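Single-structure report; data block below.
Throughout, read-outs are computed from the coordinates displayed, never taken from laboratory work. If you're wondering where the values come from, they're calculated on a predicted model, not measured in any experiment. Cβ: placed from backbone, ideal geometry, glycine included. Neighbour counts: every protein chain shown.
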Amino acid sequence: MTPMLSGAPNHHVEFSHDGRWFVIVTSGSATTVYETETGQLVSPRRMMTSGVHAHFSPDDRLLIVTTEHGDIEFWSLPECRRLKKTLRHKDVV
């Protein structure tokens, strides 16, 4: 395992269950969803959230993103539209 450099962005990549899409989550930056086959953005609009981790729902219609601030966001796919944002979670999980 390579240690993270202090101040360096953290990256996370997750593939949809059907392999159609993949998401790149970069701390301190936007979360982006791409088509696996073409490498093109799924939506011209990027998800303007500084994510830490992301998971596709079992049917790949939602993307659940956890943010640096402890929020959990639900995004519809392929529109990349935020549906819901929870309040920040302050406790350790």
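Structure data summary
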item	result
Most to least packed among 51-58, 36-43 [average Cβ atoms within 10 Å]	51-58, 36-43
Integer Hz, Karplus 6.51/-1.76/1.60 couplings in order for region 69-86, x for Gly and Pro	8, x, 7, 10, 10, 10, 10, 7, 10, x, 5, 6, 10, 6, 9, 7, 9, 8
